Amino acid sequence: MKRRIEKVVVLGAGTMGARIAAHFANAGVPVLLLDIVPPGSTSDAAAERNKIVRAGLDAAKKSKPAAFFTAALADKISIGNFEDDLQHCKDADWIIEVVAENLEIKKSLLARVAQFRKPGAIVTTNTSGLPVLLIAEGMGEEFQQHWAGTHFFNPPRYLKLVELIPGPKTSREVLETLAEFCDRRLGKGVVVAKDTPNFIANRIGTFSMLNALRLMNKLGMTIEEVDACTGPAIGQPKSATFRTADIVGLDVLMHVVKNIYESATDDESREMYKVPAFVEDMAKRKWLGDKTGQGFYKKLRGEGEREILSLDVNTMEYRPRQKARFASIEAGKTIEDTRERLRALIGPVLAGQTGDKAQQFLWGSLSETCLYAARRVPEISDRVEDVDRAMRWGFGWELGPFQILDTLGLSAFAAQIKKEGRALPPAIEKLLASGRKSFYSSEKGVTSVFELSGGARKIEEPAGVIFLNSLKDTGKEVERNSGASLIDLGDGVLCCEFHSKMNAVGADLISMLHKGLKRLESDFDALVIANQAVNFSVGANLMLVLMSAQEQEWDELHLAVKQFQNANLAIKYAPKPVVTAPQGMALGGGCEVSLHGARIQAAAEAYMGLVESGVGLIPGGGGTKEMMIRANERAAGSEDLDLFHALKPVFETIAMAKVGTSAEECRELGFLRREDGVSMNRDRLVGDAKEVALALVRGGYRAKAANWQEGAQATQIKVLGEQFLSGVKLAIHMMQRGGYITDYDGHVGRKLGNILAGGALSSPQFVSEQYVLDLEREAFVSLCGEKKTQERIAHTLKTGKPLRN
């Protein structure tokens, strides 16, 4: 019988406990959050006795980045305390302990929980380093069969990794239940770790950070120089080494380091797990990072916009942040592919050259980290792919250590290591002795990985997960141009994948959409529009828009906008279902494509918005029109909402360039309808969208019109004319008088208001979609001709930020 998890209790409302509870709420799971009664409290009042847990939940509600998809989801969390409410554990299917990293405190609490826990309920600990075996030591056989470690990473909403650590008696069914629930319901990437000090990600990540500190001292580098080398330059997060340390907290880092040093007594690199003297000094001064306002970096408040100071570790004084410049790093910025960039940075060292200081640092950093990871297998995990996944999902690395080894070339790497007199780990020696040249190999969409016991093992992806690149490797790519591809997903479903730069909407992408829709009519049952890039689409190619405007190519602009409008209409009125699957940023034109699908299946972390006003434009591809239709639907479906008040938030959303910061917030803003779906695990998005498309086919999907031309004329939208437009103009006037918007913001807003009103009509009436699209196109092109719009576009292209002119 398949186990169900419907109710959860989280024990501990600190930073991690409250945010883990928040993410369960994001997944729609009711949660009871408990913590201690305030010490010395004698009150019987629940408000007083729940003061600590309430403070933890309130902190989660206010946290930045947001712990909840929407504020309303906090209502799924109820609160209590260990003295009065522990008996409610009897109702839980999963009890998660997240109290202080103290073995006796954890053991004592679990002993009390065992008195109330129902047979079969799963109990896990969120320890980041204590032995899972010891925490449950002495508990009964049935308890231990349902016991494991589930190490979430902070912040739980955003970091994909959950390390699953079985105890010696944990049942296979419990492990499978936890893995599937974390995957499908919580959207997590799950790796199974052995019960070793700090498990996988923290063991290797901490080593990497301490090695960076060692190299910084050896090479005489500043913290800015180290961060320049350990961020995007090598496919790691912008926070790099020291910004990451400030976010995590120096106290947490030192706790992890101390735990590994005390516990990993057989680690040949154990002496690395000691923080430098200057870090000890920082801890004594309470320079712990963001939580105390200063760490390796210090942000000055009220003394200029975002003025940041850096710590000089030699003088222990803060100074203005300095720009780190290395010729190799600067040259690497021109290489988009991370693997190619790594080869360019490290290649000279592998060829026997010294390289600049950055290259010396990178070789010392990457080589030692990769060697250390290879030495830890099979101690911390039997599978090298789980080590790589842990570093990608838990630390945000683009490539795990074994993928880095493959990228650099294992033979050349090994030769240089031997040349320097360093020893190769058994895992690398076994691989080279086997005749293989890499840990991973791919052929016809199937990836295999080297097994330490010898041979290779096929990496099996979970059922329902589709990787578009793998399909292309197996010859499933139907057609391709520079902007997009058509891929056969199987079962009669075609996928249109965007792959232009930033997936910006351009002529090639529009052309492939039309080709996909044509193939849909003749050869397929449904179409999915999706990709697996960082972002679905950031909208129109602004550089081309600006160039056309500056050259005053108005006819070409009109034609380009009309072609995009027609493509979106063709999606909407396709004879067979089209499902759009936005993830990451789906802005401007990317949002407009999404809005025209028969269904949207969005990633939980989809950020949708019609943001054109930020560059002095209005949505030109039918986005305003689709939001007007949604406003009509809401007004028609409610006795208490008239069309004027349904359109008002639409105007505010578009005029203020609001972006939903989760799929659920996108639903609140009107970008998603009630019937649209959400995938918690982004890896499952394409597969989920395919299933939605097939369900529409099985349900007897019927096209909304015989063709898009007919649909654009036949579909009627109610507009209010002057009744709405006068309200918009008054609101804009008041905002301008109050200094909240510029005069040009008001000008753009009036253009938008005119579209939402259906033009300067004297009375409410019905108009066609095509009528509204013509208004959109005229407004878009006319704004392109405005000097201030061109200034805004140019500024955004140059800085990535909006201009308020």
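The values are calculated or read from the model by the stated rules, or taken from the named source; none is laboratory data. In this text the structure is predicted, and so the values were computed from the model without any measurement. Cβ: placed from backbone, ideal geometry, glycine included. Neighbour counts: every protein chain shown. The protein model used for the area step is the full one, side chains on, heavy atoms only, and it has no ligands, DNA or RNA in it. Shrake-Rupley method; radii C 1.70, N 1.55, O 1.52, S 1.80 Å.
A straight line joining the Cα centroids of segment 659-691 and segment 208-231 runs 40 Å. Note on the chain: antiparallel DSSP beta bridges, both residues inside, total approximately 45 percent of the bridges counted. Run the accessible area of segment 269-346 with a 1.4 Å probe and give the carbon-and-sulfur part as a rounded percent. On segment 269-346, the fraction of accessible area on carbon and sulfur atoms equals 45 percent. Of the GluC sites (Glu not before Pro) found in segment 201-271, the ones in coil according to DSSP and having at most 11 other Cβ atoms within 10 Å of their Cβ are Glu268. Solvent-accessible surface of the chain, averaged per residue with a 1.4 angstrom probe and all protein chains in place: 43 square angstrom.
Got a sec? What order do Lys258, Lys284 fall in by accessible area at 1.4 Å, biggest, i.e. largest, first? Numbers along the way, then the final one.
Details: Lys258 120, Lys284 165 Å².
Ranked from most to least accessible, the order is Lys284, Lys258.
Applied to segment 576-585, the Karplus parametrisation 6.51 cos²θ - 1.76 cosθ + 1.60 on θ = phi - 60° returns per-residue 3J(HN,Hα) values of 10, x, 10, 10, 9, 10, x, 8, x, 7 Hz, with x for Gly and Pro. Taking Cα atoms only, the orientation of helix 623-636 departs from the longest principal axis of the chain by about 80 degrees. Does anyone have the angle between helix 507-523 and the longest principal axis of the chain? Alpha-carbon axes, 0 to 90°, nearest 10? Approximately 90 degrees, to the nearest 10.
Counting other C-beta atoms within 10 Å, and keeping those with at most 11, which DSSP coil trypsin sites (Lys or Arg not before Pro) do you find in segment 325-387? Mind showing how you got there, number by number?
Working: sites: Arg325, Lys333, Arg339, Arg341, Arg343, Lys357, Arg375, Arg376, Arg383; in loops: Arg325, Lys333, Arg376, Arg383.
Hits after loop and neighbour filter: Arg325, Lys333.
Mind scanning Lys188/Lys444; Lys76/Lys625; Lys258/Lys437; Lys118/Lys169; Lys188/Lys430 and naming the pairs with a C-alpha gap bigger than 29 Å? Beyond 29 Å between Cα atoms: Lys76/Lys625; Lys258/Lys437; Lys188/Lys430. For the peptides 55-65, 732-742, residues were scored by their other Cβ atoms within 10 Å and the scores averaged per peptide; the highest-first order is 55-65, 732-742. Helical content alone sets the calculated 222 nm signal of the chain at -13500 deg cm²/dmol, taking -39,500 (n - 2.57) per DSSP H segment of four or more residues and averaging over every residue. Relative to the first principal axis of the alpha-carbon coordinates of the chain, what is the inclination of helix 103-114, with its axis defined by its Cα atoms, in degrees from 0 to 90 and to the nearest 10? The helix 103-114 is inclined about 70 degrees to the chain.
With all protein chains in place and a 1.4 Å probe, the accessible surface of segment 453-498 carries 45 percent carbon and sulfur.
Remark on Leu33: its backbone amide H falls under 5 Å from those of Val10, Ser78, Ile79, Gly80, a criterion applied only to residues 5 or more positions apart or on other chains, H modelled at 1.01 Å from N.
Taken along the Cα-to-beta-carbon direction at a fixed 7 Å, the label points for Asp290 and Gln322 span 2.7 nm.
Rounded, prolate or oblate for segment 256-361? Axes are the square roots of the Cα gyration tensor eigenvalues, ordered a ≥ b ≥ c, and the cut-off for rounded is a/c under 1.5. Cα axes put segment 256-361 in the oblate bin.
How long is the gain from Ser522 to Arg737 if the chain were fully straight, where each residue apart is worth 0.36 nm and the alpha carbon distance is subtracted? Spell out each step's value before the answer.
Values: separation 215, 0.36 × 215 = 77.40 nm, distance 5.75 nm.
Length difference between fully extended and current span is 71.6 nm.
Identify the residues of segment 140-158 with backbone N under 15 Å of a label point that sits 7 angstrom from the Cα of Ala111 along the Cα-to-Cβ direction, or state none. The answer is 140. Annotation for segment 714-731 versus segment 529-595: alpha-carbon center distance of 25 Å.
Take 575-586, 21-32, 428-439 and order them by the average number of nearby Cβ atoms within 10 Å per residue, most first; the result is 575-586, 21-32, 428-439.
Packing-based ranking of 454-467, 666-679 yields 666-679, 454-467, ordered from highest to lowest mean Cβ neighbour count within 10 Å.
Normalised by the number of residues in segment 677-805, the mean separation of alpha-carbon contacts (under 8 Å, six or more apart) gives a relative contact order of 26 percent.
Scalar couplings 3J(HN,Hα) for segment 131-146, obtained by applying the Karplus form with A = 6.51, B = -1.76, C = 1.60 to θ = phi - 60°, are x, 4, 4, 6, 4, 9, 4, x, 6, x, 4, 5, 4, 5, 5, 10 Hz; x denotes Gly and Pro. Maximal additional length on extending the Asp84-Glu379 stretch stands at 102.0 nm, based on 0.36 nm per residue less the C-alpha distance.
Calculated from the structure at hand, Cα extents along the principal axes in Å is found among (1) 95, 70, 47; (2) 82, 72, 60; (3) 104, 65, 55 as (2). Note on Tyr158 and Arg339: the extension gain reaches 62.7 nm, defined as 0.36 nm multiplied by sequence separation minus the Cα-Cα distance. Backbone phi angles across segment 790-805, fed through the Karplus curve with coefficients 6.51, -1.76 and 1.60 (θ = phi - 60°), yield HN-Hα couplings of 4, 5, 5, 4, 4, 5, 5, 4, 7, 10, x, 10, x, 10, 9, 10 Hz in residue order; Gly and Pro are listed as x.
With an 8 Å Cα cut-off and a minimum separation of 6 or more residues, compute the relative contact order for segment 264-361 in percent. Provide the component values of the computation, followed by the final result.
Working: 76 pairs, mean separation 12.5, N = 98.
Relative contact order, segment 264-361: 13 percent.
Given a 1.4 Å probe and every protein chain left where it sits, what share in percent of the accessible area of segment 708-778 is carbon and sulfur? Answer for segment 708-778: carbon and sulfur cover 54 percent of the accessible area. For segment 333-360 versus segment 735-769, the spacing of their alpha-carbon centroids is 54 Å. Across the chain, Cα pairs under 8 Å and at least six residues apart give a relative contact order of 8 percent. Taken along the Cα-to-beta-carbon direction at a fixed 7 Å, the label points for His514 and Leu432 span 5.6 nm.
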